[in-house]
Amino acid sequence: MGRSQTELLQGTLDMLILKALALEEMHGLGISRRIEQVTKGTFQVKPGSLFPALHRMEEEGWLESSWGESQNNRRAKYYRLTKKGRRQLESETERWGRISLAIERALEA
Amino acid sequence: MWLRNAVRNWRSRRRTDAELDEEVRGYVEMLAQEKVRAGVDSKAARREAKMELGGVEQVKQQTREVRAGHFLETLWQDIRYGVRMLQKNPGFTLVAVITLALGIGANTAIFSVINSLMFKPLPVKAPQELVDVYNTPPKDEAVLQYIPLAYPDLEDYWSQSKLLSGFLGYAPAPVALERAGDSEMVPAEEVTGNYFHELGVRMRLGNGFNEAQDRVTGTDAEAILSYAMWQGQFASDPNIIGKTITLNGHPMTVAGVAPWDFHGLLRGVAPKLWIPISMDSVLHLGNPVKDRGSQWLFSMARLKPGVSVKQAQAELQAIAERLIKAYPDSNKERNVALLPASQVKIIPEADKVVSATSVVLLGFAGLILLIACANIAGMLMARATERRREIAIRSALGGGRFRLVRQLLTENLLLSVLGGGAALVITSLLDNALSQALMNLNTSLPVGFGLTIDIDWRVLAFAAMAVLGTTFLFGLIPSLNTSKRGLTEALKEEAGATTGSRGKHRLLNALVVGQLTISLTLLICAGLSLRSLWNASRVNPGFDPSDMATASFNLSLAGYDAPKASAFYERLTPRILALPGVTSASEADRLPLTFIDQISGYAPGGPTQPKTPITTATVNTDYFKTMRIPILRGRAFDDRDNPKSPPVLIVNETLAKRFWPRQDAIGKVVSHAGKNYQVVGVTANGKYITLGESPRPFVYLSMRQAEIPDRILIARTMGNPTAALTSIRQIAKEIDPNIPLTNLETVQQATSVSLLLPRAGGAVFGLFGLLGLILASMGLYGVIAYTVAQRTHEIGVRMALGANPRQIAQLVMRRGLVMILSGIVLGLACAFALTRVLSIMLYGVSATDPLTFAVVVIALMLVGALACYVPARRAMRVDPMVALRYE
């Protein structure tokens, strides 16, 4: 049962991460906080989903990472969008627009 | 992309792992700092952060799992780990591998035989283009569904066809090979000159037949040796080509040696020589080559590209219909039947028996494998208890259930692969032994046997399937069972302190009962086969085979015609009779119980009556006296019968009753081959073709009235008949040193071929039963021993509370006996249902023979009780102090 939920959310999670990284590079906790903040707490990204997603997207070539210093002078891994990631964000946004429009219509009908 | 990532991940896996660790830990720390900033004290903040994360190792594992190459990486881990586990328990590994090797080996060995008989294409060029060509007989004479072709018909089909690119014929025809003054019957095939060329079989040595000379009768005195013949009789002589060998008294030049894997086109039947059909009239008497009435050539045709079997069938049928009109006497209702060569394994009639036998054998081998699987499943479940803590720790460290099951399955697969490898070694050894045994199988049959049994890709694929199927069967249940146990429950349990869950014991018990069931079924089949063999060797064949010598004289092969041959026997037999110790002697055209069947049509009354196909033999005077076949009414053949006297025959009781129920057969008229015969005698029934046959009607013709050049001599002796054999050879060679004399042996030896089938059945099923028994008792022993080990603590408590060793032994034995009894009850039910399949192979014993059933049940109970007794004794010796401290 948990499986179908994550599958449903997987595409969404990718999109939210890409969107969060669209403005600046961030580390894991930062991404998670940003998503929480922009969705006003609707989505809370657990590390158990966040890290696998980040690593997978990095292998897809959408993200790149580098080690840097956090605000508290702690070594942290920062992720940023690649060109390919930016294209992916565009196509996902467009796809999401179509889906949400379709669902909205379906629900109104 | 995936591959590049996989390779990169693999090469930098340590660094990547360290980075992942740092990343996740960094996340926790930052989370904790966040909470500290929000006013929580640092210790509580760390704890909360960790709880929110849900376990560093788990998150790391989840992340690792999405990485490219993760599967391969873990597979490698699994394999390494599996090898370590197997090395750690060499005893378990050895027993499991041996069990699997026996179980899988039984299957691959049998499959490799079936494969070479049924599935392997013939080693010829483009076998898919070849079709077998048969005639179908007129409806009222239909003894066989498909019959071979007559040579003139074959020539007409070939010359008039436009859809065929080749047409060849071959016929088994034994010849006498003379070497160093001795002659030996050699199974050979007469073939059309294009035979090897059309099949695309390249000679190992030499150029093969000279096709230019083909069809010119008697001009191409050439022979091709089989590889086995070249290796055996001619000691692999590299200069054999061009040398002369003497066949049926004629010099023939060796024109080639066939490749090692070519045994002719009838699978399992292997000629040792091939000679051109054009030599037939020279080597044999008569001239069937010209005769449309003699249908003796097996034929194969090659379809032109794009031609379907159906089209060719229609074309040949049209030709056959023209021939029916042109030759109404010989070709009456003679139609054509084409079968794709891949569908015909030996001959259509025999194929049905072969495939039915194959299914039965594979079925039984499958049962052996099931027992082996149950054995290993039991062992694995017993072991799983010991590994419960290990599994629990692994899942606490983030191992998913799927991953754990996979790890266990990998270990099992390793076992199976080892077992499968050993099975292939066993198979290959058995195959070699069997191929050799077939080649050297010496029967008095006029055909040789030979089959290349080896391991090809089909056998490998079959073995791979067996390995996978086996792994799945024996591995899945225990693996699931192990990994589904609750984490905390497993961690809390102290190893050895509990007796395991009830459900698991029930499963183990079911496995053992299943094993015993199958094993009992196999043992009953083995018992029945052995009893059948015993009965068959003691059955009364209707004649007395003891103290008789026999020899075959193939005078036609030495160019004798019928009158000359009769003169020979008239000199020979009286001289044999005059030998000291010989009490009676006669000749016949063949011996009973040598599988050779000669059927002709007989009609009671006159030639207008419908004919019945009946087995026949032609015998000389004193045959019945020599064989000790009782004459019930009338007389035996005697000097009154000669070519000029009215034709007579003698029938057996079954025929007399069938043709003339409730009447005296003596004096009745029977029509056969255009002549009217008078019945002069009735003999007792006997066994004629096989020992297992039910009473069949039989007709004896007089040798005085139907002179046959090729005869067997029989001589009854006082005492040991082997002494007479030398004298028979001597006398025959004195009369004519050039005659081919073969099969010089006792009648008991000659008729022992009829025991071939029950012997083979007894050997195969005996082996199956024994394997099953060994495996099942191993399984029973394993489970009982495991229970004792598990219950050491409990037994210790019982003893400390005053139970005596006897009671303890009873406790252990009771459980085993319940399983044995359940296995026996179920096994008996299965056996009653299954043994009917065997009934065709059984002689003189019913498929539900009570004695066999009783003996097998008792044997299984004894072996089973022993398997329980050994661990029970161990239980009796448990020292309560040690057992209680065990914890």
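For segment B:70-84, does any single residue satisfy the condition of being touching a Leu at 6+ places or on another chain (Cβ under 6 Å) and either more than 12 Å from chain A (Cβ to nearest Cβ) or more than 22 Å from A:E58 (Cβ to Cβ) (or both)?
Yes, segment B:70-84 has at least one match.
Looking at segment B:605-628, can you tell me whether even one residue there is modelled with pLDDT of 90 or more and either over 24 Å from B:F698 (Cβ atoms) or outside the structural domain of B:I728 (by TED's automatic domain parsing) (or both)?
Checked segment B:605-628: no residue is modelled with pLDDT of 90 or more and either over 24 Å from B:F698 (Cβ atoms) or outside the structural domain of B:I728 (by TED's automatic domain parsing) (or both).
Any residue that is in a helix (DSSP H, G or I), of a type in the set (K, R), in the same structural domain as B:L770 (by TED's automatic domain parsing) and farther than 30 Å from B:G766 by Cα - is there at least one of those in segment B:363-385?
yes
Which condition number in (1) touching a residue at least 40 places away in the same chain (Cβ under 8 Å); (2) surrounded by 14 or more Cβ atoms within 10 Å (Cβ to Cβ); (3) outside any helix (DSSP H, G or I) is the one that A:I17 fails?
(3)
When you scan segment A:37-72, how many residues do you find that are within 12 Å of chain B (Cβ to nearest Cβ) and part of a helix (DSSP H, G or I)?
Looking only at that region, the number is 14.
Return yes or no: is A:R34 away from chain B (no Cβ under 14 Å) and either in contact with a Ser or Thr (Cβ under 9 Å, 6 or more places away or on another chain) or modelled with pLDDT of 85 or more (or both)?
Spelling it out, it is not the case that A:R34 is away from chain B (no Cβ under 14 Å) and either in contact with a Ser or Thr (Cβ under 9 Å, 6 or more places away or on another chain) or modelled with pLDDT of 85 or more (or both).
Hey, could you check segment A:20-30 for residues that are within 12 Å of another protein chain (Cβ to nearest Cβ) and over 22 Å from B:N9 (Cβ atoms) and say which is surrounded by the fewest Cβ atoms within 10 Å (Cβ to Cβ)?
Residue satisfying both the conditions and the ranking: A:M26.
Which one is modelled with the lowest pLDDT among residues in segment B:838-864 that are more than 27 Å from the chain's Cα centre (by Cα), small (G, A, S) and surrounded by fewer than 16 Cβ atoms within 10 Å (Cβ to Cβ)?
B:A859
Out of all the residues in segment B:642-662, is one or more in contact with an Asp or Glu (Cβ under 7 Å, 6 or more places away or on another chain) and either over 18 Å from B:T573 (Cβ atoms) or of a type in the set (A, V, I, L, M, F, W, C) (or both)?
Looking for residues that are in contact with an Asp or Glu (Cβ under 7 Å, 6 or more places away or on another chain) and either over 18 Å from B:T573 (Cβ atoms) or of a type in the set (A, V, I, L, M, F, W, C) (or both), one finds at least one in segment B:642-662, hence yes.
Just need a number here: residues in segment B:703-726 that are closer than 16 Å to B:M548 by Cβ and surrounded by 19 or more Cβ atoms within 10 Å (Cβ to Cβ).
Here the count works out to 9.
So which pairs qualify, if the first residue must be in segment B:61-87 and touching a residue at least 60 places away in the same chain (Cβ under 8 Å), the second must be of a type outside the set (K, R) and in a loop (DSSP other than H, G, I, E, B), the Cβ gap must be under 6 Å, and the two must be at least 6 apart or on different chains?
Close Cβ pairs (under 6 Å, with a partner that is of a type outside the set (K, R) and in a loop (DSSP other than H, G, I, E, B)) amount to B:Q61/B:G398.
Restricting segment B:664-683 to residues that are at pLDDT 90 or above and in a loop (DSSP other than H, G, I, E, B), which is surrounded by the fewest Cβ atoms within 10 Å (Cβ to Cβ)?
Of everything passing the filter in segment B:664-683, B:G667 is surrounded by the fewest Cβ atoms within 10 Å (Cβ to Cβ).
If you go through segment B:526-562 one residue at a time, how many are touching an Asp or Glu at 6+ places or on another chain (Cβ under 7 Å) and assigned to a helix (DSSP H, G or I)?
Final tally of qualifying residues: 5.
Looking only at segment B:302-334, count every residue that is closer than 23 Å to B:E129 by Cβ, touching a helix residue (DSSP H, G or I) at 6+ places or on another chain (Cβ under 7 Å) and not in a helix (DSSP H, G or I) and tell me the total.
Of segment B:302-334, the ones closer than 23 Å to B:E129 by Cβ are B:302-320.
When the remaining residues are screened for being touching a helix residue (DSSP H, G or I) at 6+ places or on another chain (Cβ under 7 Å), the result is B:302-303, B:316, B:319.
Still in the running and not in a helix (DSSP H, G or I): B:302-303.
So the answer is 2.
Being in contact with a helix residue (DSSP H, G or I) (Cβ under 8 Å, 6 or more places away or on another chain) and within 12 Å of chain A (Cβ to nearest Cβ) is the filter; apply it to segment B:42-58 and report the residue that is surrounded by the fewest Cβ atoms within 10 Å (Cβ to Cβ).
Per the stated criteria, the residue is B:G54.
Considering segment B:234-261 alone, what residues qualify as being among the hydrophobic types (A, V, I, L, M, F, W, C), surrounded by 16 or more Cβ atoms within 10 Å (Cβ to Cβ) and in contact (Cβ under 8 Å) with a residue 40 or more places away in the chain?
Result: B:I245, B:L247, B:V254, B:A255, B:V257, B:A258.
For B:T835, all conditions in the list (1) in a helix (DSSP H, G or I); (2) surrounded by fewer than 16 Cβ atoms within 10 Å (Cβ to Cβ); (3) not aliphatic (A, V, I, L, M) hold save one; what is the number of the exception?
So B:T835 meets the others, but not (2).
Against the conditions (1) free of Cβ contacts under 8 Å to residues at least 60 places away in the same chain; (2) under 30 Å from B:Y157 (Cα atoms), where does B:V353 fall short? Just the number, please.
Of the numbered conditions (1) free of Cβ contacts under 8 Å to residues at least 60 places away in the same chain; (2) under 30 Å from B:Y157 (Cα atoms), the odd one out for B:V353 is (2).
If you scan segment B:18-41, which residues turn out to be surrounded by 13 or more Cβ atoms within 10 Å (Cβ to Cβ), more than 8 Å from chain A (Cβ to nearest Cβ) and either closer than 14 Å to B:V56 by Cβ or in contact with a strand residue (DSSP E or B) (Cβ under 9 Å, 6 or more places away or on another chain) (or both)?
B:D21, B:R25, B:V28, B:A32
Being among the β-branched types (V, I, T) and part of a loop (DSSP other than H, G, I, E, B) is the filter; apply it to segment B:606-642 and report the residue that is nearest to B:E707 (Cα to Cα). Give the derivation first.
Of the residues in segment B:606-642, the ones among the β-branched types (V, I, T) are B:608, B:612, B:614-616, B:618-619, B:621, B:626, B:629, B:631.
Add one more test, that the residue is part of a loop (DSSP other than H, G, I, E, B), and what stays is B:608, B:621, B:629.
Values: B:T608: 26, B:T621: 13, B:I629: 22 Å.
Residue satisfying both the conditions and the ranking: B:T621.
Among the residues of segment B:228-251 satisfying the criterion of being at pLDDT below 90 and not in a loop (DSSP other than H, G, I, E, B), which is nearest to the chain's Cα centre (by Cα)?
Among them, the one singled out is B:A228.
B:R590 fails exactly one of the following numbered conditions: (1) without any contact (Cβ under 8 Å) to a residue 12 or more places away in the chain; (2) in a loop (DSSP other than H, G, I, E, B). What is the number of that condition?
Failing condition for B:R590: (1).
Just to verify a result, which residue in segment B:2-11, among those that are out of contact with any helix residue (DSSP H, G or I) (no Cβ under 9 Å at 6 or more places or on another chain) and of a type outside the set (A, V, I, L, M, F, W, C), is farthest from the other protein chains (Cβ to nearest Cβ)?
In this case the residue turns out to be B:R11.
The values are calculated or read from the model by the stated rules, or taken from the named source; none is laboratory data. All values derive from a computational prediction rather than experimental measurement. Every residue, glycine among them, receives a Cβ derived from its backbone with ideal geometry; neighbour counts consider all protein chains shown.
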